[in-house]
Every structure is written in C-alpha cells, then in structure tokens.
C-alpha cells in the first residue's frame, strides 16, 4: 500500500502553484525571508519564478512534488515581470539557515525553461556553464528576519557562454 502511494506520488506532474503559499511574503515580513534585488534582465517580458530548495546537490532543482512529499523545504514565488523600475522579490524561508535559490526569467511565460530564450540566476551568482551549479555555489544564508541578496539573471550568449541581459 505504501509502495503504491510512493509510486503514485513520484508520477504526479509538477503544478505551477505548488510551494506558492509557503513562499508568499506577508506585508512587512519579519520572519526568515530573502529580499532579492534582481538585475541583468534582458527585457520586461514574461514572468519571474523564484524557487527555494534545500542547499544540497541531491535536492537542488529536484521535483517539487517529491520535495514536498518528503517534507523537505520548497517554496516558490511566480510573478509577472514589472514593466519598469527596480525589480525586487521576496520569498519566505521555513526557518533560519542556508538554502539554494534559483530565479528563472520565463520570457515567453510558457512555464518551461528554454535555454535559447530564457534567463536564469542563482543566489551567490555562480559562474554559469551548460550544467547546473552545485548547490553550495547557489546558496545563501538567511537569519531570523529578512535578508537582502542580489541575483543577476544570465542568458545564453553563443554556444557556451552566459551573461547578464544588460537592462
């Protein structure tokens, strides 16, 4: 019975709303949260999706259903790109500690990452290549209250290089 339940859980498709309630900051957030200053956007089209993961390689960028089923930290904020001005996002953390963060600029708002179109950034702004960064390189500590960090969004440039969009 438990094996069948685990198998069914493993095959459930990810849903865009998963983790949103956990990630949504309150007005005047006072608990553990990341206040993210976003720079490097190529344009103001589409959506921004900020996600929080455990800071280990096995769980970083893992399927959200599996993380939640296992009781592991996962949170998501998904918002339209602001038309103008500075871009700031807030995502709550379950407790003080260190977490890995990923930020997707989904330029065509199709909820899928396309290497040739979309941009991506991570906490601590690691140098990007064709493989995902290690969790430790994409992590930041958060205290008992909000912690401000910056994430630079990078886009593919040529075959093997990545860089900020410049806007």
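The values are calculated or read from the model by the stated rules, or taken from the named source; none is laboratory data. The structure presented is a predicted model; accordingly, all values stated were derived computationally and were not measured. Methodologically, a virtual Cβ is constructed for each residue, glycine included, from the backbone with ideal geometry; neighbour enumeration extends over all protein chains shown.
For residue 163, indicate whether it is at pLDDT below 95, assigned to a loop (DSSP other than H, G, I, E, B), more than 14 Å from the chain's Cα centre (by Cα) and surrounded by fewer than 17 Cβ atoms within 10 Å (Cβ to Cβ).
no
Mind checking which residues of the stretch 28-86 are over 14 Å from the mean Cα position of the chain (by Cα), assigned to a strand (DSSP E or B) and within 18 Å of residue 111 (Cα to Cα)?
Correct list: 80 only.
Would it be correct to say that residue 143 is under 18 Å from residue 55 (Cα atoms) and over 17 Å from the mean Cα position of the chain (by Cα)?
The answer is yes for residue 143.
With respect to residue 100, is the statement that it is within 22 Å of residue 134 (Cα to Cα) and surrounded by 21 or more Cβ atoms within 10 Å (Cβ to Cβ) true?
Yes; evaluated as a whole, the condition is true for this residue.
Among what's in the stretch 5-52 and is modelled with pLDDT under 95, in contact with a helix residue (DSSP H, G or I) (Cβ under 7 Å, 6 or more places away or on another chain) and crowded, with 16+ Cβ neighbours inside 10 Å, pick the residue that is nearest to residue 99 (Cα to Cα).
19
Here is a list: 124, 137. Which entry is under 15 Å from the mean Cα position of the chain (by Cα), at positive phi and outside any strand (DSSP E or B)?
So the residue among 124, 137 that is under 15 Å from the mean Cα position of the chain (by Cα), at positive phi and outside any strand (DSSP E or B) is 124.
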